[in-house]
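Structure record follows, encoded as structure tokens.
Any read-out appearing in this document is the output of simple, stated calculations on the displayed coordinates, not a laboratory observation. What you are looking at is a predicted structure, and each value in this text was computed from that prediction instead of being measured. Ideal geometry is used to build each Cβ from the backbone, glycine not excepted, and the neighbour counts take in all protein chains shown.
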Amino acid sequence: MAIPHREKEGYNERKQKAKTIMSEELSQQFYHTDKYEIGDTYKTKPIEMKFYLQENEPDQEEVNVLAEFINVTTDSTQNREEKVKNVLRIIIKKEKETWRVTSVEELNMRVL
């Protein structure tokens, strides 16, 4: 599955933010280590992000969101850049008064 943002700088902040908006299981899937282990030279950042929200009713407890973006991966040790277009289905569920991402499913991925 595409991981939208990987880079050493800001890892702990992204991990803490994930804990507030994702289910614990999903947060562990994306941020399973205490520190960023890939190194300084490898980065993945999303660009051209678009979100499509399913029409929902006020009493609805679950919402589907489609996310479309381009993931730009750079590896400075190999002087290489790759762009991949991703489409994800994100399920967000209401838990008490808080909405949390509970599922992320890759629907489409294409190297550009």
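Could you tell me the relative contact order of region 11-111? Use alpha-carbon pairs under 8 Å, at least six residues apart, and round to a whole percent. 24 percent. Applying a DSSP loop filter and a limit of 15 other Cβ atoms within 10 Å to the trypsin sites (Lys or Arg not before Pro) in region 26-81 leaves 35. Annotation: the residues 92, 38, sorted from fewest to most other C-beta atoms within 10 Å of their own C-beta, follow the order 38, 92. When the pairs 17/45; 43/85; 17/83; 8/50; 15/45; 50/96 are compared against a 23 Å limit on Cα-Cα distance, 17/83; 8/50; 50/96 fall above it. A crude spin-label estimate for the pair residue 93 and residue 56, with each label 7 Å from Cα along the Cβ direction, gives 1.3 nm. Distance between the 7 Å Cα→Cβ label points at residue 106 and residue 81: 2.2 nm.
Here is the list for region 27-112: GluC sites (Glu not before Pro) lying in DSSP coil, each with at most 12 other C-beta atoms within 10 angstrom of its C-beta, are 37, 55, 61, 97. Charge dipole of region 32-99 (Cα centre as origin; +1 on each Lys and Arg Cβ, -1 on each Asp and Glu Cβ, all else neutral): 320 debye, rounded to the nearest 20.
Scanning residues 5 or more positions from residue 103 or on other chains, those with amide H under 5 Å from its amide H are 91, with H placed 1.01 Å from N in the peptide plane. Rg and Dmax of region 11-111, based on Cα coordinates, read 15.6, 51 Å. In the chain, the calculated helix contribution to ellipticity at 222 nm averages -4500 deg cm²/dmol per residue, counting -39,500 (n - 2.57) for every DSSP H run with n ≥ 4.
A dipole drawn for the chain from +1 and -1 charges on Cβ atoms has a positive end, and of 64, 22, 54 the residue lying farthest that way is 22. The fewest-to-most ranking of 32, 5 by surrounding Cβ atoms within 10 Å reads 32, 5. Working note: Karplus 6.51/-1.76/1.60 with θ = phi - 60° gives region 70-85 the couplings 10, 8, 9, 9, 10, 10, 5, 6, 10, 6, 10, 9, 10, 10, 10, 8 Hz, where Gly and Pro are set to x.
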